[in-house]
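Participant: I have a structure I would like to understand better, so I am pasting it below and will then ask my questions one at a time.
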Amino acid sequence: MDFDFTEDRGPAKYFHGRKQIIHTFNSALRFYRTNKRGTTFLIQGAPGAGKTALLDVLSNQAKPKGWEAAMINGKDLYDPISMAQSLGESYLIDKEYALNVGIKFLGGGLVASVAGHASSEEILKRLAPENGLILLLDEAQDLRHLKNTPKEHNLARDALNVIHNGNVGRPVMLIAGGLGTTESTLGGLGISRFEGDCTVQLGRLDKESECAVIRDWLTQAGGAIGDPGRWIDSIAEQAHGWPQHIISYIKPAVKYLTSNHGRMTDEGLAFVYEKGNEYREEYYQKRVKGIDKKKRQDLAKIFAGVPLGDTMELEDIMDALKEEYTEEVAEKLFKKALERGIIDERKDGDYGIPIPSFHTWLVDQYVQNKSQYIPPPAPKQLPAKPEQFLLRPKKDDESNVNKNKCENEDKRKGGGGFSMER
């Protein structure tokens, strides 16, 4: 069977959930629009939690309210030419404003030529639209590299602070998405206090939203004929709300359905399990890439006795690593694990493996006979010899939800509000 590529990154084709976050964001939009101020809205999460998709959704929430949106990168914060180009590519800049800061237009397009000693901070003050500007910065944890270049670090710090402290003179909001190290990275650039609920630790989708996403993929993208409930339940049983895992099982599901005219067969579901498990393991292998096997084993040993979803104190993790390595090597390994999204910081400075099934996989792979996981039963009504199609599925085992009642679980409503505390 020939399968096409299904994108597992970027804007979500089908988006459901995150109602509380969207509600808080819209409250912030109203506040900063009224007061002509700025702030930073931080979205942290494990790799595959859906940060990039959420950035896109929040941007689309802002546009009907009159805000412009521009995708920027780390270089834009210290290079005014780069900032001008990013703004010019994202929305129509008034040419009179542009000429005032030395930006030249050639051939109807924006060509960077900034006069004098303009900074990114000055470009923002001149070119941000009166009605409000949303700046989207993905993979914001990469800003940590600026500490190695003092001049660029200081320029980026100035640009970030003029946004965060509302000194642009018009509404500007930076939405920064990144791994669990992002908040500390921004702290190193002078942003250590966030207003209200403008920090988000992105976790799994609630069950209702997860099932809605799977349903859309099966019926709209795959053209499933009949009631897809059993396939939805089976995929949700493996994905446990993690967007990356949903895509791992949706890839083979959609391709099987489109190749079989929407027919949902037992053979097809077994194939979805097999290929989905393979895709999920490929994803985990990418997370540990760059860390040699011995170090992976030592990381896994540390967390082998930690219950799924629980955390450890930093001091205990470092003490365990220092039993195997020098202090310098232990610190580098811990940093690498943070950067790769293998572990992340939780409340009170504790650290844990963010995705329970990744925790299970890491222990299974690198610590013999230490697994906490019990494989769930195969889906009902499979073919007589499912072993020709089926790899035994793995389980996150992170909650006590009833796995076969997706449509009735976790029906949480968007609520809450936006408070004003830094």
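The values are calculated or read from the model by the stated rules, or taken from the named source; none is laboratory data. Nothing here was measured: the structure is a model prediction, and the numbers come from that model. Positions of Cβ are generated from backbone atoms using ideal geometry, with glycine treated the same way; all protein chains shown enter the neighbour counts. Note: accessible area is taken over every heavy atom of the protein model, side chains too, but ligands, DNA and RNA are not part of it. Shrake-Rupley method; radii C 1.70, N 1.55, O 1.52, S 1.80 Å.
Participant: Hey, what's the Cα Rg ratio for region 241-352 versus the globular rule of thumb, 2.2 N^0.38 Å?
Facilitator: Scaled against compact globular proteins, the figure is 1.41.
Participant: Take the Cα radius of gyration of region 184-281 and divide it by 2.2 N^0.38 Å, with N its residue count; two decimals is plenty.
Facilitator: Ratio of Rg to 2.2 N^0.38 Å for region 184-281: 1.40.
Participant: Next question, about the same structure. Would you tell me the accessible area of residue 16, worked out with a 1.4 angstrom probe on the heavy atoms of the protein chains, in Å² to the nearest 10?
Facilitator: Approximately 60 Å² for this residue.
Participant: Just the number, please: carbon plus sulfur as a percent of the accessible area of region 175-251, 1.4 Å probe, no ligands or DNA/RNA counted.
Facilitator: 45 percent
Participant: Give the relative contact order (percent, whole number) for region 173-306; include only Cα pairs under 8 Å separated by 6+ residues.
Facilitator: Dividing the mean separation by the residue count of region 173-306 yields 20 percent.
Participant: Describe numerically, in nm with one decimal, the distance between label points set 7 Å from Cα along Cα→Cβ at residue 328 and at residue 20.
Facilitator: Inter-label distance under the simple model: 4.4 nm.
Participant: Output the pairs from 75/336; 36/125; 255/275; 13/251; 75/147; 19/51 with a Cα-Cα distance over 20 Å in this structure; if there are none, say none.
Facilitator: Over 20 Å Cα-Cα: 75/336.
Participant: Now for a different question. Roughly how many Å² is the accessible area per residue of region 274-341, as a whole number, for a 1.4 Å probe?
Facilitator: 55 Å²
Participant: Continuing with this model, one more query. Give me the percent of accessible area attributable to carbon and sulfur for region 7-71, probe 1.4 angstrom.
Facilitator: Whole-percent figure for carbon plus sulfur exposure: 50.
Participant: A follow-up question, please. Under the definition of Cα pairs under 8 Å and six or more residues apart, what whole-number percent is the relative contact order of region 245-319?
Facilitator: Reported as a whole number, the value is 28 percent.
Participant: Kirkwood hydrodynamic radius, region 125-207, all distinct C-alpha pairs: what's the number in Å?
Facilitator: 13.9 Å
Participant: Let me ask something additional. Can you pull the one-decimal nm distance between simple spin-label points at residue 335 and residue 31, each 7 Å off the Cα toward Cβ?
Facilitator: In this crude label model, residue 335 to residue 31 measures out at 3.5 nm.
Participant: Quote the FRET efficiency, to the nearest 0.05, computed for residue 193 versus residue 278 with a Förster distance R0 of 35 Å and r equal to the Cβ-Cβ distance.
Facilitator: After rounding, the FRET efficiency stands at 0.20.
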